[in-house]
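J.: There's a structure below that I have some questions on.
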Amino acid sequence: MSGPTGADMFEPVGHLGLRANCAKAWFGWPCDEKIEKLRSDFALATDAELKKKIASELQLRAVEYVPYWPAAQLYLVRAVRGNVDGIVKAAVPAYWNIAKK
């Protein structure tokens with residue numbers, strides 16, 4: 001099973017389920033000009049307070065229009081040996097080579 005992570009859905013510009021641009025949207029092809037305008041306004045805003053205001057308006061509109069309905073929640077499960085430490089807890093899987101050369 002795969003799908004977007006929390007980091008993918010963190011902000012309205014990249015949030016797949018929030019897209020309401022008709023045939024280009026995710027499952028169900030929601031069409032809502034107001035959501036799309038707010039997403040665009042958010043992307044173009046440079047002021048943090050303005051982004052916050054737009055995000056609040058967008059959340060309210062999404063509750064009114066409901067462009068998607070979450071069907072499940074996925075938890076990343078990790079297992080490591082007891083003698084392994086220093087594992088980074090992140091919203092997305094993070095891998096790097098820590099082997100000594």
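The values are calculated or read from the model by the stated rules, or taken from the named source; none is laboratory data. Nothing here was measured: the structure is a model prediction, and the numbers come from that model. Cβ coordinates were reconstructed from backbone atoms using ideal geometry, including for glycine residues, and neighbour counts include every protein chain displayed.
J.: Counting only residues that are over 13 Å from the mean Cα position of the chain (by Cα) and over 19 Å from Ala55 (Cβ atoms), which one in the stretch 1-24 is modelled with the lowest pLDDT?
T.: Looking at the filtered set, the residue picked out is Met1.
J.: Also: Residue by residue through the stretch 54-75, note down the ones that are surrounded by fewer than 11 Cβ atoms within 10 Å (Cβ to Cβ) and either closer than 25 Å to Ala90 by Cβ or touching a helix residue (DSSP H, G or I) at 6+ places or on another chain (Cβ under 6 Å) (or both).
T.: Pro70, Ala71, Ala72, Gln73, Tyr75
J.: Oh, and also: Are any of the residues in the stretch 66-88 β-branched (Val, Ile, Thr), in contact with a Lys or Arg (Cβ under 7 Å, 6 or more places away or on another chain) and modelled with pLDDT of 90 or more?
T.: no
J.: I've got another one for you. Counting just the residues of the stretch 7-48 that are touching a Cys at 6+ places or on another chain (Cβ under 9 Å) and of a type in the set (A, V, I, L, M, F, W, C), which one comes out surrounded by the most Cβ atoms within 10 Å (Cβ to Cβ)?
T.: Looking at the filtered set, the residue picked out is Ala20.
J.: Quickly run through the stretch 25-57 and pick out the residues that are of a type in the set (Asp, Glu), under 27 Å from Ala71 (Cβ atoms) and either at pLDDT below 95 or not in a helix (DSSP H, G or I) (or both).
T.: Asp32
J.: Oh, and also: Mind checking whether some residue in the stretch 69-76 is under 15 Å from Ala20 (Cα atoms) and touching a Leu at 6+ places or on another chain (Cβ under 8 Å)?
T.: First pass over the stretch 69-76, keeping only residues under 15 Å from Ala20 (Cα atoms): 69.
So of that shortlist, the ones also touching a Leu at 6+ places or on another chain (Cβ under 8 Å) come out as none.
No - not one qualifying residue is present in the stretch 69-76.
J.: Within the set of pairs 6 or more residues apart or between chains, which connect a residue that is within 16 Å of Glu57 (Cβ to Cβ) inside the stretch 17-37 to a residue that is outside any loop (DSSP other than H, G, I, E, B) and among the hydroxyl-bearing types (Ser, Thr, Tyr) with Cβ atoms less than 8 Å apart?
T.: As it stands, the answer is Ala20/Tyr65; Asp32/Tyr65; Lys34/Tyr65; Ile35/Tyr65, since those pairs meet every condition given.
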